[in-house]
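Step one of this worksheet: look at the structure below.
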Amino acid sequence: MRRASSVLVVTVGLTLASLATPTSARADNPETKAAHDARMKWWRDARFGMFIHWGLYAVPAGEYRGKRYSGIGEWIMAYADIPRNEYAQLAKHFNPTKYDPEKWVRLAKQAGMKYIVITSKHHDGFCLFDTKTTDYNVVRATPYGKDLLKPLSEACKKAGLKFCVYYSILDWHHPSQYIDPDARRNAQDATHGHGKDRIHTEQKAEYIRYMKTQLKELITQYDPAVLWFDGEWQDWWTEDDGKDLYRYVRSLKPDIIVNNRVGKGRKGMEGLNKGAGYAGDFGTPEQQIPATGLPGVDWESCMTMNDTWGYKSFDHHWKSTKTLVRNLIDIASKGGNYLLNVGPMPTGELPEAIVERLEGIGRWMKVNGEAIHGTQASPFPAPAWGRYTRKKNRIYAEVFDWPPDGNLHIPATETTHARAYLLADRHHNLKVEAAPAGGLAIHLPRHAPDPIASVVVLEFAPR
Ligand code: FHN
């Protein structure tokens, strides 16, 4: 019996995107493909992670001095044009006494998430961790007075999830940076020139030292598995700066994984690299899913559950659990990871709408998780009725629209197969036969076991 992969070889016209080629920890010692694959393995198998945007911006929650802002919650300092010292006063009101990292980790794990990425410092420069570099941190500046990352990193470790941190290169609080006066004066957008951020050139080296000190604290104190950089778009940050920072963090922790926002590789919100050789280990599409799989490219779509990353009290535009599960399936079918965001409240609680969705995703994943975790991209183009993923000698057909005639057509090139069954009913074999038009026809029961997506497994005898 030939291996399933040879049985199911289908040439599909894919637009080969730029390949994200690994950048080594040391310029003179390129990482081998085998070493890179070993470093990326847990991340590729994970397929699904939790993004957490949390910080002082949760206090105004999208509203400031009686005005509500339509933009993303964590940009309130920009949208409300709040001077940095006035914004820093929010720290006095940040007291998440109901913070329960064990509960967050439990929710993530039961949802099938294998890693958690939390903002250690967003663009506002406020640090959620115990840092010696600035008093502008949760331990020194808030009534809460305790490190937020430490208990979360410990809860992740206990539960077997990877703890990861987001870190913004852009820092609106740091004295080295400012808004371009012309950009500010002429700002037509709601951000008052933020996004056109400048640095006092003579202070850039000092700021990079500041970042490296904080990154060393993050790596040595919390042992993150991924460093998720962001805020790299301003002109004063270069690809060489990114390569230097990439090598620096990998010199501290050689097996750490770093996204492509450490440098200047990404093409805007599409998130994939403009070409080869840019720093970073994976592409970062934001609020979108690539149209097709991208052979040879590691990528992760980061997306929100409503319309904001940081908590907003009046953003109730929640995606349904069905949409969130089908996004996960679509992304996995293309060989990517899904980084799904939650925005905690200033109390330390997660909005009930988020908890409900995580629990709903968990109910689907409890039955069907094996069709996501550890899978590779579909060997076929996406069918109209759903998606495919694959793992070893199995093809998983995630059926969104149950076929009215009860026949599911799979374009397998050979008809030799072991068996077919529903993940929701593993012990009942389904009838499989060669389809007149080629491929296989699997005879399904009358009703779909799950209205979100029902998974049919086509299992080929291992070679
Ligand atoms: O400006 C940030 C934004 O606040 C948020 O953190 C997203 C999440 O990927 N990244 C930037 C926008 O691309």
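Summary table
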{"read-out": "Spacing of the two label points (7 Å from each Cα toward its C-beta) at Thr201 and Ala461, in nm", "value": "7.2"}
{"read-out": "Filter on Lys114/Lys264; Lys114/Lys319; Lys216/Lys264 - keep pairs with C-alpha separation over 25 Å", "value": "Lys114/Lys264"}
{"read-out": "Ranking of Phe229, Phe380, Phe48, Phe314 by count of other Cβ atoms within 10 Å, fewest first", "value": "Phe314, Phe380, Phe48, Phe229"}
{"read-out": "Considering only the chain, percent of DSSP beta bridges that pair antiparallel, nearest 5", "value": "55"}
{"read-out": "Ordering of 425-438, 188-201 by burial proxy (mean other Cβ atoms within 10 Å per residue, highest first)", "value": "188-201, 425-438"}
{"read-out": "Inverse of mean 1/r across different Cα pairs in the chain, Kirkwood, Å", "value": "23.4"}
{"read-out": "Distance (nanometres) between label positions extended 7 Å along Cα→Cβ at Trp236 and Asp182", "value": "1.6"}
{"read-out": "Within the chain, helix-based [θ] at 222 nm, where runs of 4 or more DSSP H residues each add -39,500 (n - 2.57), nearest 500", "value": "-7500 deg cm²/dmol"}
{"read-out": "For Phe51, Phe129, order by how many other beta-carbon atoms lie within 10 Å, fewest first", "value": "Phe129, Phe51"}
{"read-out": "Rounded to whole Hz, the Karplus (6.51, -1.76, 1.60) HN-Hα couplings of the stretch 336-348, x for glycine and proline", "value": "x, 10, 10, 9, 9, 8, 10, x, x, 7, x, 6, x"}
{"read-out": "For the stretch 255-354: rounded, prolate or oblate by the Cα gyration tensor [a/c cutoff 1.5]", "value": "prolate"}
{"read-out": "Exposure proxy ranking, count of Cβ atoms within 10 Å, fewest first, for Thr220, Thr375", "value": "Thr220, Thr375"}
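FYI, it's all coordinate maths here, none of it is from the lab. What you see is a predicted model; the values in this text were computed from it and never measured. Glycine also receives a Cβ, built like all others from the backbone with ideal geometry; neighbour counts cover every protein chain displayed.
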